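Asks: Here it is: the structure, laid out below.
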Amino acid sequence: MSASAKFPEGFVWGAATAAHQVEGGNSNCDLWALEHAKPSLFREPSGDAADQWRRFADDVAVLSALGLNAYRFSIEWARIEPEEGRFSQPVLEHYQRCIDACNERGVTPIVTFHHFTLPLWQARQGGLLDKRFSEKFGRYCEVASKALRDFPFACTINELNIPMYVRELLHKRMERDDGPAIRAAGEAALGAPLDNIFILAPPDAVLDQGIGAHLRGRDAIKSIHPNCKVGVTLSLQEVEAEPGAEAVRDAYHAAVYDPFLDAAKGDDFIGLQTYSRVTMSPDGKKSVQSGRPQTQMGWEDRPEALAATCRYVWERTKTPIFVTENGWAGHDDARRAAFLREAVAGLKGEIDRGANVLGYLAWSLLDNYEWFSGYGPRFGLVAVDRQTQRRTIKPSGLVLGEIARNNSLLADASPSEEGKFGYLSNQAGAAVGIG
Ligand code: BGC
C-alpha cells in the first residue's frame, strides 16, 4: 500500500444524525407543530422517527461494528429546556448515557447543540429575530455543558448559514396557490409567524443573533470543557458559474458563505457539509445542471463537490476542516457506496494539497426523517423498517467501514466481509440484517 493512500493518523471516520430526525416524539419543538398543520409544508409528520430515543446504544453498536469510530448526534434543546429557564435533569442524564454508550464502544461522540429545531417557546418569542436569542442559546449551552462530559468534539449550530438560501426557496414555495393556506395553518399551529423558525430566519437575524449564538455557545462549552474542540457547521455547495456569471457567483459566496467562514476563523474547526453542485446563471438563478444524474433529492450526483468546497474553505480560512456531513440519497446502494468513495478520494486530494482535514462523517447513519420530504429520501448506511424499526446494514455502510478500518481508500469491502457482518445482534436481542 502506498503511503500516500493513507489518511492522516487519527483521522476520524463516522456517521451523523440529528435528534429530530431519529429520536421520535420530539413534540415540544417548533417543527413538530408545523408538521401537524393542515395543510403543511411537511410531507408527513416525524412521529416515532427511528425511535432512537430508546435505541441509541444499539445504533452505536451497529456503527461500531461497521468499523466507524465516531458518531455525530444532536442533543435537543426543546427537551433539555422544555420551558424557558427550566432544565430537565432526566433528559440531560439521558444524553450523558448516549455519550457514555459511544465511549464504551470506543466511538468518539460529536455533540451538536442545535440542529434546525427550536423549543416551541423560543419560536414564539421570535426565534432568531428575538434580540435575546444568542444570550438564551448561550445559557442553554452552558447548562448542558455543565451537565455533560466526555465529548471531545462539539458543534454549536448545524448549518448556521442555511437560512441565507433556504428562506428564499420556501418563500417561493409559498407563492403557489396553496401557499396562503399553508402559511395560515402553519402560523396557527406554531402560534407565531413562520419567519420565527430557524431555516426561515431573515439574513440580518442570522448574521446578528445567529453568529452571536454560535460565539456565545462556543465560549460557554469551552469555558467548561477547555479541551473540547468546538466549531459551527456550514452548508456549502459547489457553485459553478456559467460563462459571464463569475461575478454573481462571487457575490453569492460573499453573502452566503464568507461571513460565516470569517466568523468561524477562531474556532477549533469548521464543520463542512456538502452534498452537491449548483450552476449559476448570469442573472443569479441557481439550477441543477441538465443531463446529469440526480439523487433522490433532485440534486446533481456530484461527489467531486466535496473537494471543491473543501478547497474553498481551506483557502479562505486556513482553519481545520471537519466534514460533518456528506452523502447520497436514493435506493441504489451500490451508487451510494461509489459516491462515498469518490467523495472521500476527492477529499484526500485536498489533504495531499495541504488542507488540514480532521475527519469525515457520512450523512446518515440511518434512513431517517428528511424534514419537508418526510420518510421518502434514503440517505442511510443502515436501513430502518418503518413498521418494526428493524435496522438492516447496507453494503455502503460496510464500504465506508472498511475505508475507516484501513484509514485508506485502497481497501475495498468484499462479499466475504458482508458475510462477516451478515447478522449482528443488538442489545435488545433483535437481529440486525444486511441489505
Ligand atoms: C442537514 C440534515 C439533512 C441533510 C440532507 C443537511 O442540510 O443538516 O439534517 O437531513 O442535509 O438534506
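Readers should treat all values here as calculations from the given coordinates under stated rules, not as data from a laboratory. Not measured: the values here are computed from a predicted model. So basically every Cβ, Gly included, is an ideal-geometry build from the backbone, and we count neighbours across all protein chains shown.
Asks: How high is the relative contact order of region 107-250, given as a whole-number percent (alpha carbon pairs under 8 Å, six or more residues apart)?
Replies: 39
Asks: When the Cα centres of region 48-114 and region 183-238 are compared, how far apart do they sit, in Å?
Replies: Each part reduced to its Cα centre gives a spacing of 20 Å.
Asks: Anyone know which of 309, 319, 388 comes out most mobile in the 10 Å Cα GNM of the chain?
Replies: 388
Asks: Cβ under 12 Å from residue 362's Cβ, residue 362 left aside: what net charge do those residues give with Lys, Arg +1 and Asp, Glu -1? Kindly include the intermediate steps, with their values, before the conclusion.
Replies: Numbers: positive: 72, 336, 341, 394; negative: 325.
After counting each charged neighbour, the total is +3.
Asks: Could you work out Rg/(2.2 N^0.38 Å) for the chain, with Rg from alpha carbons only?
Replies: Details: Rg = 20.5 Å, N = 435, 2.2 N^0.38 = 22.1 Å.
Against the compact-globule rule of thumb, the ratio is 0.93.
Asks: I need the semi-axes of the equivalent ellipsoid of region 1-111: take the C-alpha gyration tensor, multiply each eigenvalue by 5, square-root it, list largest first in whole angstrom.
Replies: Over the Cα atoms of region 1-111, the ellipsoid semi-axes are 32, 18, 12 Å.
Asks: According to the Cα gyration tensor, what semi-axes, each the square root of 5 times an eigenvalue, does the equivalent ellipsoid of region 186-330 have, listed from largest to smallest in whole Å?
Replies: Gyration-tensor ellipsoid for region 186-330: 27, 21, 16 Å.
Asks: OK, next. Any chance you could list P(r) for region 55-129, counting all Cα-Cα pairs in 10 angstrom bins from zero, rounded to whole %?
Replies: The percentages, shortest bin first, are 19, 42, 25, 13, 1.
Asks: Need one word for region 329-371: rounded, prolate or oblate. Basis is the Cα gyration tensor (sqrt eigenvalues a ≥ b ≥ c); a/c below 1.5 gives rounded, then a/b vs b/c decides.
Replies: It is oblate, given that a/c is not under 1.5 and a/b is not larger than b/c.
Asks: If you don't mind, there's one more thing I want to ask. How far apart, in nm, are two points set 7 Å out from the Cα along the Cα-to-Cβ line at residue 246 and at residue 48?
Replies: Distance between the two pseudo-spin positions: 5.6 nm.
Asks: If Rh is defined by the Kirkwood formula over all Cα pairs and Rg also comes from Cα, what ratio Rg/Rh do you get for region 1-49? Could you put the intermediate results ahead of the total?
Replies: Values: Rg = 19.3 Å, Rh = 13.9 Å.
Answer for region 1-49: 1.39.
Asks: Also: Could you tell me which of rounded, prolate or oblate describes region 52-194, using a ≥ b ≥ c as the square roots of the eigenvalues of the alpha-carbon gyration tensor, with rounded for a/c under 1.5 and, failing that, prolate when a/b is larger than b/c and oblate otherwise?
Replies: Numbers: a/c = 2.33, a/b = 1.67, b/c = 1.39.
In terms of gyration-tensor shape, prolate.
Asks: For region 305-359, take every pair of Cα atoms, bin their distances at 10 Å starting from 0, and report each bin as a whole percent.
Replies: 24, 51, 21, 5
Asks: Show which lysines lie in cross-link reach of residue 394 when reach means a straight Cα distance below 17 angstrom and same-chain residues fewer than eight apart are skipped.
Replies: Counting by Cα, and skipping residues close in sequence, residue 394 has these lysines nearby: 420.
Asks: Continuing with this model, one more query. Using a 10 Å cut-off around each Cβ, can you sort 286, 394, 172 from fewest to most neighbouring Cβ atoms?
Replies: Numbers: 286 17, 394 21, 172 10.
Going from sparsest to densest Cβ surroundings: 172, 286, 394.
Asks: What residue among 169, 233, 373 has its Cα farthest toward the positive end of the dipole of the chain, where the charges are +1 on Lys, Arg and -1 on Asp, Glu, each on the Cβ?
Replies: Of the candidates, 233 comes out farthest on the positive side.
Asks: How would 315, 187, 238 line up from fewest to most surrounding beta-carbon atoms within 10 angstrom?
Replies: Ascending Cβ contact count within 10 Å gives the list 315, 187, 238.
Asks: Could you give me the ³J(HN,Hα) list for region 125-133, computed from phi with Karplus coefficients 6.51, -1.76, 1.60 and θ = phi - 60°, whole Hz, x at Gly and Pro?
Replies: With the stated coefficients, region 125-133 comes to 8, x, x, 7, 7, 6, 5, 9, 4 Hz.
Asks: How big is region 262-344 by the Kirkwood estimate over distinct Cα pairs, in Å?
Replies: 14.0
Asks: May I pose another question? Shape of region 280-328 from its Cα gyration tensor (a ≥ b ≥ c, root eigenvalues): rounded if a/c is under 1.5, otherwise prolate when a/b > b/c, or oblate?
Replies: Details: a/c = 2.96, a/b = 1.46, b/c = 2.03.
Judged from the Cα gyration tensor, region 280-328 comes out oblate (a/c at least 1.5, b/c at or above a/b).
Asks: Can I ask one more? More than 19 Å apart: what percent of Cα pairs in region 158-231 qualify? Walk me through the numbers on the way to the answer.
Replies: On the way: 1325 of 2701 pairs.
Taking all Cα-Cα pairs of region 158-231, the fraction more than 19 Å apart is 49 percent.
Asks: To the nearest 0.05, how large is the calculated FRET efficiency for residue 265 and residue 171 if R₀ is 30 Å and r is the Cβ-Cβ distance?
Replies: On the way: r = 31 Å, r/R0 = 1.03.
Approximately 0.45, to the nearest 0.05.
Asks: In nm, to one decimal, how far is the modelled label at residue 9 from the one at residue 292, with both set 7 Å along Cα→Cβ?
Replies: About 3.9 nm, to one decimal.
Asks: Using a Cα-Cα cut-off of under 20 Å, which lysines could be cross-linked to residue 172, ignoring same-chain neighbours fewer than 8 residues away?
Replies: Once the sequence-local lysines are set aside, what remains near residue 172 is 38, 285, 286.
Asks: Ranked highest first by average number of other Cβ atoms within 10 Å, how do 174-180, 116-122 line up?
Replies: Output ranking for 174-180, 116-122: 116-122, 174-180.
Asks: When the gyration tensor of region 267-411 is built from Cα positions, what are the square roots of 5 times its three eigenvalues, in whole Å, from largest to smallest?
Replies: Over the Cα atoms of region 267-411, the ellipsoid semi-axes are 25, 21, 14 Å.
Asks: Collect residues whose amide H, placed 1.01 Å from N in the peptide plane, falls under 5 Å from the amide H of residue 12; neighbours closer than 5 in sequence don't count.
Replies: Sorted by chain and number, the residues that satisfy this are 359, 360.
Asks: Pairs of alpha-carbon atoms within less than 8 angstrom and 6+ residues apart define the contacts here; what relative contact order does the chain have, in percent?
Replies: 19
Asks: A further question follows. Mind checking which lysines have their Cα closer than 28 Å to the Cα of residue 222? Skip sequence neighbours fewer than 8 apart in that chain.
Replies: 131, 136, 146, 265, 318
Asks: Hey, another quick one. FRET efficiency for residue 135 and residue 258, Cβ-Cβ distance as r, R0 = 35 Å, nearest 0.05?
Replies: About 0.85, to the nearest 0.05.
Asks: I need the phi-derived Karplus couplings for region 102-112: 6.51 cos²θ - 1.76 cosθ + 1.60, θ = phi - 60°, integer Hz, Gly and Pro marked x.
Replies: Coupling constants for region 102-112: 5, 4, 5, 9, x, 9, 6, x, 10, 9, 9 Hz.
Asks: Could you state the per residue volume, in Å³, of the convex hull enclosing the Cα atoms of region 203-269?
Replies: 80
Asks: Using amide H atoms built 1.01 Å from N in the peptide plane, name the residues 5+ places from residue 230, or on other chains, whose amide H lies under 5 Å from its own.
Replies: When sequence neighbours closer than 5 places are left aside, the close amide H contacts are 154, 268, 269.
Asks: Once phi is turned into θ = phi - 60°, what whole-Hz ³J(HN,Hα) does the Karplus curve with 6.51, -1.76 and 1.60 give for every residue of region 147-161, x standing for Gly and Pro?
Replies: Result, ordered by residue: 7, 10, 8, 6, 10, x, 10, 9, 10, 6, 10, 7, 6, 3, 8 Hz.
Asks: Tell me which residues come under 5 Å, amide H to amide H, from residue 240 once H is placed; ignore anything under 5 positions away on its chain.
Replies: Amide H neighbours of residue 240: 278, 279, 280.
Asks: For a footprinting-style exposure proxy, rank 304, 159 by other Cβ within 10 Å, fewest first.
Replies: So the ranking, lowest neighbour count to highest, is 304, 159.
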